Amino acid sequence: MRDSIHREAAPVRRSLFRKYFIALFAAVIVPIAASGISDAWFGYRDQRAMLSALLRVETRSAAGRMQSFLDGIRDQLRWTVQRTLTADNRGQHRLEALQAMRRAPAIVSVSLIDRTGVERLHVSRIGLNRVEGGLDRSGDPAVVGALSTGIWYGPVTYRDGSEPFMTMALWGLSSVVVVVEINLKLIWVVISEIRVGRSGHAFVLDQTGRIIAHPDISKVLRGTDENTAAALLRLRDEIATAGGEATTARNAEDERVVTAMAPIPSVGWTVFVEQPQAEAFAPLYASLWRTGGLLLAAIALAAALAYWLARRMTGPIRLLEEGTEKIGAGQFDHRIDIATGDELERLAVRFNQMAQELAISRDRSERIARLKRFLAPQVAELVEKSGDESVLAGQRAEVVAVFCDLRGFTAFSAHAEPDDVMQVLRDYYEALGAIITRYEATLTNFSADGLMVLVNAPVPRAEPALRAVEMAIDMQDAIQRLIAAWRLRGHAVGFGIGLAMGWATVGRIGYEARVDYTAIGNVVNLASRLCSSADDRQILIDDSVACSVGGKIPMVALGARHLKGFDEQVRVYDVGIRSVTSDFAPDATEISAKS
């Protein structure tokens, strides 16, 4: 344990060289480090902001040009769906299709389909042309998509596994659907014109992560393997996580780059513009090297200064170590005497103040611990905070005495295993202790299964009788739930409670090593006898408690009983039967008359 404390204390000992740190930072480190760090930080921010703005402008521009490329093809297709398909204008439709292919070189083929889904015309650059081919294309996704949305963009496909193509379909007012196949290799010209710095470039991905446009057209023609596609999709997700701002990541070639992206929503493509990180932050790296050189020189000077200061601080540090060790061992009266006039002296004063406060805290904890032996935690805290323990001195007070114990416990403990007996008592006291604490009552003593509790002493409470009865009801309910579980294990026990209200002498009794708070008087004996007379599930109370409670709690008058130790019979009431209404509960006038 002591070795662990010493290991934890070592960093604190080194951090006490305040003079070393103050002289070091004031003379060398602070101005140079602050200047270097601020220059690097603001330079990084400015460079990052400039790069982000530049890359985002380029990506948006490229995305706009891609969209314009597709919009140009769409505009050419609109001319082909202005007329209805008839045998008389078949030649005119073929001419319009050829004109569209000439104006948009990316179009590879054009197909015209009537409203019934039958292909009427097919013109292709690389295949055979068809007129009135009669193919049923009503189930073609392009035809279905165009009829439902007006314009439809298909996914990117790769002919021979490399060259990218895309299908576009458009539905005209003449109920003609035109379906074209587009060679995306021709957008290479648009992408190749985008340059950022010396080696920055742009490229386009489809929804699956495959490259459909890149300045290096060989990457498009040879296709994108699964690993590269996965890397590009991760790159897209990283940029999306950054909120669309340019971010530093690794590209498909596992190179560190600064990259940004912009979507082309109509077709689900993404345009990326990237620049190698080394190129992007080259000015910043040069500044950092210069700052690093200055810091190395400053560290050499600071080391020499630190050595000189450490020798001057050895004595005060030793005193601090010895003092903290004694205080940590509990010698709170020890004081550390350092008169250096600097932060070390201030630290010693703080340690002395801490030792004094710890001593006060220890005394307070011991007082609270003594009070909690017979008072509820809340009451103990209240008495301690007030600083007046006179409420615990002997005095006369009107109290409600509560006794309770288990029925059949003697027979149970005689035959049960010791572990079973202790477990029953443990559950029993945990349940009752929580209720006694909640009602802020005072537990004076307990023995085996019996408890004595006081309400209204040492701290007075409003309506003590009602509080005591409600506490007894909660105690009965809680223990009966435990009894139900105990009986399932074969433990035949019950639980009864007795309450009496009256004047008693209350206060602390005992000797110096052991003090308890208790009550002495006739009311204590009466509550004990009522508890002894109570059957399982019963809560027996006397006239005083019944008078104070009145009609607030349902109860049943059981008549007068002769109790051991009392010359006269005592009127007894039962509040344990909850189903009985309060019609039998006496009021104060009735009880006085019967007395």
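The values are calculated or read from the model by the stated rules, or taken from the named source; none is laboratory data. From a predicted model like this one, the values you see are computed outputs, not experimental measurements. FYI the Cβ positions are ideal-geometry reconstructions off the backbone, even for glycines, and counts take in every protein chain you see. The accessibility values were calculated without ligands, DNA or RNA, using every heavy atom of the protein model including side chains. Shrake-Rupley method; radii C 1.70, N 1.55, O 1.52, S 1.80 Å.
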- request: Scan the range 524-540 and give yes if some residue there is touching a His at 6+ places or on another chain (Cβ under 8 Å), at pLDDT 90 or above, in a loop (DSSP other than H, G, I, E, B) and surrounded by fewer than 16 Cβ atoms within 10 Å (Cβ to Cβ), otherwise no.
  value: no
field: Test: residue in the range 52-64 that is part of a helix (DSSP H, G or I), among the aliphatic types (A, V, I, L, M) and modelled with pLDDT under 75
entry: no
Count of the range 461-478 residues which are without any contact (Cβ under 8 Å) to a residue 40 or more places away in the chain and touching a helix residue (DSSP H, G or I) at 6+ places or on another chain (Cβ under 7 Å): 2
- line: Subset of the range 97-118, residues in a helix (DSSP H, G or I) and crowded, with 22+ Cβ neighbours inside 10 Å, comes to 97
message: Report every pair of residues separated by at least 6 positions or lying on different chains whose Cβ atoms are under 6 Å apart, first residue within the range 403-428 and under 14 Å from residue 450 (Cα atoms), second crowded, with 19+ Cβ neighbours inside 10 Å and β-branched (Val, Ile, Thr).
response: 404/497; 406/493; 408/493; 409/493
- line: If we ask which residues in the range 234-263 are crowded, with 19+ Cβ neighbours inside 10 Å, of a type outside the set (S, T, N, Q) and not in a helix (DSSP H, G or I), their number turns out to be 8
query: In the range 139-233, which helices (runs of 4 or more DSSP H) lie fully inside it and hold 1 or more residues that are out of contact with any helix residue (DSSP H, G or I) (no Cβ under 9 Å at 6 or more places or on another chain) and more than 22 Å from residue 273 (Cα to Cα)?
result: 141-149
message: Regarding the range 154-168, can at least one residue be identified that is among the aliphatic types (A, V, I, L, M) and open to solvent by less than 10 Å² (accessible area, probe 1.4 Å)?
response: yes
- request: Considering only the range 469-522, state which residues are aromatic (Phe, Trp, Tyr) and in contact with an Asp or Glu (Cβ under 8 Å, 6 or more places away or on another chain).
  value: 495, 503
- line: For the range 288-302, pairs from a residue that is under 12 Å from residue 36 (Cα atoms) and touching a residue at least 24 places away in the same chain (Cβ under 8 Å) to a residue that is among the polar types (S, T, N, Q) and open to solvent by less than 80 Å² (accessible area, probe 1.4 Å), with Cβ under 9 Å and 6 or more apart or across chains, are 291/35; 294/35
Of all residues making up the range 119-153, the number that are of a type in the set (Lys, Arg), free of Cβ contacts under 8 Å to residues at least 40 places away in the same chain and surrounded by 17 or more Cβ atoms within 10 Å (Cβ to Cβ): 1
task: Look at residue 468 and say whether it is within 18 Å of residue 553 (Cβ to Cβ), of a type in the set (A, V, I, L, M) and either in contact with a strand residue (DSSP E or B) (Cβ under 9 Å, 6 or more places away or on another chain) or not assigned by the TED database to the domain that holds residue 415 (or both).
output: yes
message: Can you pull out every residue in the range 346-357 that is touching a residue at least 12 places away in the same chain (Cβ under 8 Å) and either open to solvent by 70 Å² or more (accessible area, probe 1.4 Å) or not hydrophobic (A, V, I, L, M, F, W, C) (or both)?
response: 352, 354, 356
message: When you check residue 68 against the structure, is it touching an Asp or Glu at 6+ places or on another chain (Cβ under 7 Å), at pLDDT 75 or above and in a helix (DSSP H, G or I), yes or no?
response: no
field: Residue within the range 401-413 that is assigned by the TED database to the domain that holds residue 493, touching a Lys or Arg at 6+ places or on another chain (Cβ under 6 Å), within 22 Å of residue 540 (Cβ to Cβ) and surrounded by 15 or more Cβ atoms within 10 Å (Cβ to Cβ) present
entry: no
